[in-house]
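As structure tokens, the structure follows; a few thoughts come after it.
The values are calculated or read from the model by the stated rules, or taken from the named source; none is laboratory data. As the structure is a computational prediction, the values presented were derived from the model and not from experiment. Here the Cβ positions follow ideal geometry from the backbone for every residue, glycine too, while neighbour counts run over all protein chains shown. We work out accessible area using only protein heavy atoms, side chains counted, and drop any ligands, DNA or RNA first. Shrake-Rupley method; radii C 1.70, N 1.55, O 1.52, S 1.80 Å.
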Amino acid sequence: MQKLWTESRGVIAAGPNEIGKAEAINALLVRPIELLPRREGDAIKPFALGIWTEIRALLMKPDLPVSALRRATSVYTHSKRYYFACAQPDAKRHDVDGNPVGPVSDEDRLAAQTTALSLKANSTPASSPAVADIGTPKSNLIRAGTFGRNRDVPPVS
């Protein structure tokens with residue numbers, strides 16, 4: 001069994017990928033939420049439990065599919081750096097305005113730590129293909145890249 005980290009690795013800073021994911025979420029909302037990083041180096045803040053209802057209420061247009069917002073949010077919250085931010089011993093959850101509302105539970109920290117280490121181990125250059133398979137449809141390559149996974153996606157018929 002894995003032990004919880006006891007030493008903080010400091011602020012987990014947003015990189016260009018996290019900024020792009022945050023911008024994709026904010027583009028779907030009537031106003032940007034302060035919880036998300038705006039520039040490289042900004043802290044990645046764990047979401048408060050139950051925050052989805054607050055974010056969903058900020059959806060730009062009622063006819064815009066909620067699934068687009070859910071997908072964009074999921075891509076952000078399933079990133080390696082987000083998991084590292086949640087796994088820190090001093091991790092706090094935040095509301096949409098970026099204010100801390102409480103600590104991340106030990107159970108959630110351990111789950112985030114396990115996932116972050118797994119993602120880190122799977123992101124080694126040896127596991128990434130150097131050249132894409134000519135027979136793989138472009139939509140499958142985009143899907144695999146969007147979700148950050150190197151997996152064999154069956155072709156769509």
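Please pick out the residue among Arg31, Arg38 that is free of Cβ contacts under 8 Å to residues at least 24 places away in the same chain and either more than 15 Å from Tyr83 (Cα to Cα) or open to solvent by 20 Å² or more (accessible area, probe 1.4 Å) (or both).
Arg38
Could you identify the single residue in Asp95, Asp42, Asp63 that is over 15 Å from the mean Cα position of the chain (by Cα), modelled with pLDDT of 95 or more and acidic (Asp, Glu)?
It is Asp95.
Would a scan of the stretch 131-140 turn up a residue that is outside any loop (DSSP other than H, G, I, E, B) and modelled with pLDDT of 90 or more?
Among the residues of the stretch 131-140, not one is outside any loop (DSSP other than H, G, I, E, B) and modelled with pLDDT of 90 or more, which makes the answer no.
Out of curiosity, is Ala24 closer than 17 Å to His78 by Cβ, under 16 Å from the mean Cα position of the chain (by Cα) and buried (at least 22 other Cβ atoms within 10 Å of the Cβ)? Talk me through it step by step, then tell me what you get.
Details: closer than 17 Å to His78 by Cβ: yes; under 16 Å from the mean Cα position of the chain (by Cα): yes; buried (at least 22 other Cβ atoms within 10 Å of the Cβ): no.
So Ala24 fails the test.
Could you list, in sequence order, all residues of the stretch 78-106 that are part of a helix (DSSP H, G or I) and open to solvent by 80 Å² or more (accessible area, probe 1.4 Å)? Write out each step before concluding.
Of the residues in the stretch 78-106, the ones part of a helix (DSSP H, G or I) are 80-87, 106.
Hits for the stretch 78-106 are Arg81, Asp106.
Please work out if Val75 is surrounded by 14 or more Cβ atoms within 10 Å (Cβ to Cβ) and touching a Gly at 6+ places or on another chain (Cβ under 9 Å).
yes
Please go through the stretch 33-60 and give me each residue that is under 18 Å from Pro16 (Cβ atoms), touching a strand residue (DSSP E or B) at 6+ places or on another chain (Cβ under 8 Å), of a type in the set (A, V, I, L, M) and assigned to a loop (DSSP other than H, G, I, E, B), ordered by number.
Hit for the stretch 33-60 is Ile44, nothing else.
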